[in-house]
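Here is the structure we will look at.
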Amino acid sequence: MGNKELARSFDQLAKIMEFQGENHYKIRSYQRISGTLKKLGSPLAEMSMDEINAIEGVGKAIAGKIQELLNTGTMQTLERYKSEVPQGILEMLNVKGIGPKKIKAAWKELGVESATELLYACNENRLVELKGFGAKTQQEVRRQLEFFLRNRANFLHINVKEMADHLMEILQSTLPSIQMSWTGSFRRCDPVLDKLELLIAAEDDVLDEILALPDMSLIEKRAEHLSLAYQEIPLHIYLSTPQDFVLRLFASTGPRALAGRLKGAAYTNEEACFDELGIRYLSPEARALAVAGAQPPDRLVRREDILGVVHAHSLYSDGVDGLEEMAAYCKGAGYQYFVVTDHSQIAVYANGVSRKNVIRQWEEIDQLNNFAVDRFRILKGIECDILNDGNLDYDDELLAGFEVVIASIHTNIRMNERKATDRIIRAVESPHTNMLGHPTGRLLLGREGYPLDMAKIIDACAANRVAIELNASPYRLDLDWRWIAKAREKEVLISINPDAHAKEAINYVDFGVKIARKGWLDKEGCLNARDVDAFLTFCGK
Ligand SMILES: [Zn+2]
Ligand SMILES: [Zn+2]
């Protein structure tokens, strides 16, 4: 075991102990020894016990721990502390820029149990409410978390998108005359990836040019295949001839079974591949369900079909932008209506809206709406909490006043399948519910959803004319696209909703549409592709 690893063990011990609120002096001594060991000139493994004892800050207890680490590779005290803390907390303690005290506050006050949940809390602007956190700290924590999450074995599409776009620009300017494309799961817009894959129509010698770019490091080089890390993200580069490029692109985007049926000519574009297969062309994200001999629906939903922004939070609850600003953003992006849905009263953690403020919001909406002039409308919506017993969070009279009610679970989320399914079905059966929000409550790479009998829930939605949300937040993407076909079979409508807590997050809809296309959602089956009148008719208003 090297000095750095030894230092890391003491650092980790100090962090966990601080999280646990242990003796301050002990913690300080472990922090100090960690710093000393990091800078030590000679390897501890080659030092005698006397020499180790002579290091500043090393007392009897620390000397014993160093010896234990050198002899066994582990430290019992550290292992014991580690076993007392949830895995997600240990993970968060490794994130730079947020110390154990702040992690503890987020854990205790907000129930945050993993780095992804913490990032989600930042995005929902929750951290600023905690003692010791300001907007600036929150910003910094978010930056560090994004970096941390990018660097884990799996990462979210949203956390690499910008970096990948930037890298593509660099590559294209470095190799201007060479054909190249992203391929694999990134090109398919999979929500979670473990690497980036790039196809290049070129010879071996371009690889040296790529390797010379900043932040690139080589992992393995094989014939026609280079495995690299770019800013520590695995990057696989495949080489092809210019003639084979389209076929290779088609095959590596998948499904491979389809590619296997192609004769393998020099295709000029992927449309030609689809032509040969006799299947209507599908954009890369919509190919997962494609099989030979079957046609996709002829009109998959597109971004430009979406007319209304449904599900967004304003300053009335935990959003960071005002109602008017959010509406203006929607209008500017070409939408025709905006359904503001703040949190209901029980959501104290998210500044849930009291009855009085609901009325105030309705008045503001009435003042802002001038449909005759601007052909744009704000609808009175709510993201109403589903209480533990499945009832909704306001009385019937108030609920009847909303134009759109999304019912979602945010509290008491540890449930078995039966309890979770029953609770949701009860909410779906409420005459006020128009839509089920983020059905499983999952956070990608952060929190598993509660176990659900989804088929039963879809049946209940069908029976009660309730739509299901495809929550387009790239951290949720819930309903999972794999359930869309089932929902459509039962004629349940899907609404592609940004769940925006800031106006820019309204653009989550774009990615949500791609995910919906994975599940072959047709325009007909998309609730917010309907105009405002049809949307309101569906909501019974
Ligand atoms: Zn929600
Ligand atoms: Zn929400």
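The values are calculated or read from the model by the stated rules, or taken from the named source; none is laboratory data. The structure displayed is predicted, hence computed values, not measured ones. All Cβ positions, glycine included, derive from the backbone under ideal geometry; neighbour counts span all protein chains shown. Just so you know, the surface numbers come from the protein's heavy atoms only, side chains and all, with ligands and any DNA or RNA stripped out. Shrake-Rupley method; radii C 1.70, N 1.55, O 1.52, S 1.80 Å.
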| task | Given the conditions (1) free of Cβ contacts under 8 Å to residues at least 40 places away in the same chain; (2) within 16 Å of ligand 2 (Cβ to nearest atom), report the number of the one that Asp459 does not fulfil. | result | (2)
| task | Check every one of the helices (runs of 4 or more DSSP H) wholly within the range 468-538 and list those with 2 or more residues that are touching a residue at least 60 places away in the same chain (Cβ under 8 Å), open to solvent by 20 Å² or more (accessible area, probe 1.4 Å) and away from ligand 2 (no atom under 16 Å from the Cβ). | result | 508-518
| request: For Gly390, state whether it is away from ligand 2 (no atom under 16 Å from the Cβ) and open to solvent by less than 10 Å² (accessible area, probe 1.4 Å). | output: yes
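Quick grid of which residues meet (1) touching a strand residue (DSSP E or B) at 6+ places or on another chain (Cβ under 7 Å); (2) free of Cβ contacts under 8 Å to residues at least 60 places away in the same chain:
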{"position": "Tyr230", "(1), (2)": "yes, no"}
{"position": "Thr241", "(1), (2)": "yes, yes"}
{"position": "Tyr267", "(1), (2)": "no, yes"}
{"position": "Ala290", "(1), (2)": "no, yes"}
| query | Which of the residues spanning the range 398-414 are crowded, with 18+ Cβ neighbours inside 10 Å and within 16 Å of ligand 1 (Cβ to nearest atom)? | reply | Phe402, Val404, Val405, Ile406, Ala407, Ser408, Ile409, His410
| request: State yes or no: is Ile457 open to solvent by less than 10 Å² (accessible area, probe 1.4 Å), modelled with pLDDT of 95 or more, over 20 Å from Val310 (Cα atoms) and not in a strand (DSSP E or B)? | output: yes
| note | Across the range 354-387, the tally of residues that are of a type in the set (Lys, Arg) and within 16 Å of ligand 2 (Cβ to nearest atom) stands at 1
| said: It is to be established whether one or more residues within the range 427-443 are part of a helix (DSSP H, G or I), open to solvent by 30 Å² or more (accessible area, probe 1.4 Å) and more than 22 Å from Phe535 (Cβ to Cβ). | reply: no
| Considering only the range 270-290, how many residues are assigned to a loop (DSSP other than H, G, I, E, B) and either exposed (fewer than 13 other Cβ atoms within 10 Å of the Cβ) or within 16 Å of ligand 1 (Cβ to nearest atom) (or both)? | 1
| query | Considering the range 65-112 alone, what residues qualify as being buried (at least 18 other Cβ atoms within 10 Å of the Cβ), free of Cβ contacts under 8 Å to residues at least 24 places away in the same chain and not in a helix (DSSP H, G or I)? | reply | Val112
| request: Give the residue, chosen from Asp321, Asp298, Asp385, that is outside the structural domain of Ile494 (by TED's automatic domain parsing) and closer than 23 Å to Ser495 by Cα. | output: Asp298
| said: Tell me the residue from Leu470, Leu443 that is away from ligand 1 (no atom under 13 Å from the Cβ) and either modelled with pLDDT of 95 or more or closer than 27 Å to Arg303 by Cβ (or both), please. | reply: Leu470
| query | Is it fair to say Asp208 is free of Cβ contacts under 8 Å to residues at least 12 places away in the same chain and either under 29 Å from the mean Cα position of the chain (by Cα) or over 30 Å from Gly512 (Cβ atoms) (or both)? | reply | yes
| field | Of all residues making up the range 41-64, the number that are hydrophobic (A, V, I, L, M, F, W, C) and open to solvent by less than 60 Å² (accessible area, probe 1.4 Å) | value | 7
